[in-house]
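The values are calculated or read from the model by the stated rules, or taken from the named source; none is laboratory data. Here the structure is a predicted model, which means the values were calculated and not measured. Cβ coordinates were reconstructed from backbone atoms using ideal geometry, including for glycine residues, and neighbour counts include every protein chain displayed.
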Amino acid sequence: MAGLTCGQVMAVLSDVVDGDIAPALGAQVEAHVAGCGQCARFGQQFVTLLGAMRQQLARPDDVPADVLACVRARLRR
Ligand SMILES: [Zn+2]
């Protein structure tokens, strides 16, 4: 199945968090996380974040701050 590896997903997560990611790549990340138990455990917040971003593309500065804080804290662990 075409898509990203777990390592590729992890590599772009910081970009996802910063909102510095192409929508098409964001969709690939979301699709991987949805189908990968390992990433899903780590990345449930990312799915939430990506969903929020997709709904708010017209307002990219309006990603929920609590989601960003939670994701950033995990990335820095
Ligand atoms: Zn994975």
Original post:
Mind checking which pairs have a first residue in region 12-26 that is over 14 Å from LEU75 (Cβ atoms) and a second that is at pLDDT 80 or above and not in a helix (DSSP H, G or I), Cβ under 9 Å, 6 or more apart or different chains?
Top reply: LEU25/LEU4
Original post:
Within region 13-32, which residues are small (Gly, Ala, Ser) and either farther than 11 Å from GLY3 by Cα or loosely packed, with under 13 Cβ neighbours inside 10 Å (or both)?
Top reply: SER14, GLY19, ALA22, ALA24, GLY26
